[in-house]
Amino acid sequence: MKKDEGDFNFSEGFQDGLPILLGYFSTAIAFGIICRNIGIPFFETCLYSLTNFAGAGQFLAVNLFTSGALLFEYFIGINLINLRYLFMGVALRTNLSKDVKGIRKIIVAFGVTDEIFTVASMKNSNCLSFNYMAGLISSSYLGWNLGTAVGFMMGMILPKALQMAVGVTLYAMFSSLLSCEFKSKGPKVIVIAGLSAAINSFLILVLSFPSGWSFVVSMVTTAVIGALFMKEEK
Amino acid sequence: MKNLPMYLIVLVAAVATMIPRFIPFYLSFLNKVPPFVKKCMSLLPVAAIGALIFPFTILDFLPVWYAGLLGVIAAFVSNFIKQSMLLSIVISVLVTYIALLV
């Protein structure tokens, strides 16, 4: 591999993506199973994951499909649930090396997901190389699409407790990332994460917000409150 | 209900997913933002983590509400002691599995 501009290389990215691969794999299995159960053919199911690469958005669309939604309802609904990518993209873009342009930019933009954004941001670099991003996206993309295909082909669920336990993977990954941040930046990290957790829980449990909306509101509100009240910054 | 061809839905969904992903990369005025907005953006990742974990790490494991919570705590502690994400995840899955079985 040629020496790239910016921080970190492809294999570091791929390795950082391995926890996401695991988590996506187990989530996508559920997606594959659902698609099969409601009668979407194998080809379309795989095409869906290959072209969309979006967890919550895909589950939503499948939901709409079974309720016979109109095309523009898909369009609006999916846009709303994916609104958060807008904020993530703006933040992520400032952390990328200047060599991310043209086709490289298309690949990185395509690969923005909650998990990829979070992992990339936690590298605390403002010059992430394209190769790093490509590695991170590759392992995650692999997990998502393999999971979809395997889920469809298995068509059934693992023992209940095991299936559920594997579902903790992504939460565990976020928790580990938070732990790293806590170690390097101190308690304010916990305050911020705790605040957004509290807002999100309140919106979903008490006000019954749809999770896509709730997530956007919690994330943005917390960031604004944090920026207002936290003194120094790094 | 099935009057729409599936590939068309897939296509529309893909476009709808890609719009919010691509906009920030192609509208350059979003790059020259005031310092306060920059500060907000720097807090987004950690703010995202909180909302990504809660409340679903509780809701996903109902009726054993504490199973995911224990897993998340285990991952946090494990990663704090020894910085290895894969190890933390394995421990977390085990803890959750045991909590679900007990």
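The values are calculated or read from the model by the stated rules, or taken from the named source; none is laboratory data. Everything numeric in this text was worked out from a predicted model, so none of it was measured. Positions of Cβ are backbone-derived with ideal geometry, glycine not excepted, and every protein chain shown enters the neighbour counts.
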> Can you name the number of the only condition in (1) without any contact (Cβ under 8 Å) to a residue 24 or more places away in the chain; (2) at the interface with chain A (Cβ under 7 Å from one of its Cβ atoms); (3) not β-branched (Val, Ile, Thr) that B:Gly68 fails?
Replying inline: (1)
> Does at least one position in the range A:164-183 carry a residue that is at positive phi and either outside the structural domain of A:Leu18 (by TED's automatic domain parsing) or assigned to a helix (DSSP H, G or I) (or both)?
Replying inline: no
>> Can you say whether A:Ile76 is surrounded by fewer than 20 Cβ atoms within 10 Å (Cβ to Cβ) and either among the aliphatic types (A, V, I, L, M) or within 17 Å of A:Pro210 (Cα to Cα) (or both), as far as the supplied structure shows?
In response: yes
>> Testing B:Val90 on (1) of a type in the set (A, V, I, L, M); (2) facing another protein chain (nearest Cβ under 8 Å); (3) farther than 30 Å from A:Ser208 by Cα, one condition comes back false. Which one is that?
In response: (2)
>> I need the full set of residues from the range A:155-178 which are at the interface with chain B (Cβ under 9 Å from one of its Cβ atoms), touching a residue at least 24 places away in the same chain (Cβ under 8 Å) and surrounded by fewer than 21 Cβ atoms within 10 Å (Cβ to Cβ), in order please.
In response: A:Val166
> Which helices (runs of 4 or more DSSP H) does the range A:24-91 wholly contain that include 3 or more residues that are on the phi > 0 side of the Ramachandran plot, within 20 Å of the chain's Cα centre (by Cα) and modelled with pLDDT of 80 or more?
Replying inline: none
> Within the bounds of the range B:30-38, is there any residue that is hydrophobic (A, V, I, L, M, F, W, C) and in a loop (DSSP other than H, G, I, E, B)?
Replying inline: yes
> Only one of (1) polar (S, T, N, Q); (2) over 15 Å from the mean Cα position of the chain (by Cα); (3) farther than 19 Å from B:Pro5 by Cβ fails for A:Thr113. Which number is that?
Replying inline: (2)
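Yes/no matrix, rows are residues, columns are (1) without any contact (Cβ under 8 Å) to a residue 24 or more places away in the chain; (2) within 25 Å of A:Thr113 (Cβ to Cβ):
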| residue | (1), (2) |
| --- | --- |
| A:Ala193 | yes, yes |
| A:Val206 | yes, no |
| A:Val217 | yes, yes |
| A:Thr221 | no, yes |
| A:Met230 | no, no |
> Quick one: in the range A:191-234, which of the residues that are assigned to a helix (DSSP H, G or I) and of a type in the set (Phe, Trp, Tyr) is surrounded by the fewest Cβ atoms within 10 Å (Cβ to Cβ)?
Replying inline: A:Phe229
> Do the conditions hold for A:Gly147, that is, is it within 14 Å of A:Ser26 (Cβ to Cβ), assigned by TED's automatic domain parsing to the domain that holds A:Ile34 and either surrounded by 21 or more Cβ atoms within 10 Å (Cβ to Cβ) or touching a Leu at 6+ places or on another chain (Cβ under 7 Å) (or both)?
Replying inline: yes
> Which of (1) touching an Asp or Glu at 6+ places or on another chain (Cβ under 7 Å); (2) closer than 16 Å to A:Val119 by Cβ is the odd one out, the single condition B:Ser88 does not satisfy?
Replying inline: (1)
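This table checks each residue for (1) within 7 Å of another protein chain (Cβ to nearest Cβ); (2) surrounded by fewer than 16 Cβ atoms within 10 Å (Cβ to Cβ); (3) part of a helix (DSSP H, G or I).
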position: B:Met41; (1), (2), (3): yes, no, yes
position: B:Val72; (1), (2), (3): yes, no, yes
position: B:Asn79; (1), (2), (3): yes, no, yes
position: B:Leu86; (1), (2), (3): yes, yes, yes
position: B:Ile98; (1), (2), (3): no, yes, yes
> Within the range B:42-64, is there a residue that is among the small types (Gly, Ala, Ser), within 14 Å of A:Pro19 (Cβ to Cβ) and in contact with a helix residue (DSSP H, G or I) (Cβ under 8 Å, 6 or more places away or on another chain)?
Replying inline: no
>> Looking only at the range A:179-234, count every residue that is facing chain B (nearest Cβ under 8 Å) and of a type in the set (Lys, Arg) and tell me the total.
In response: 1
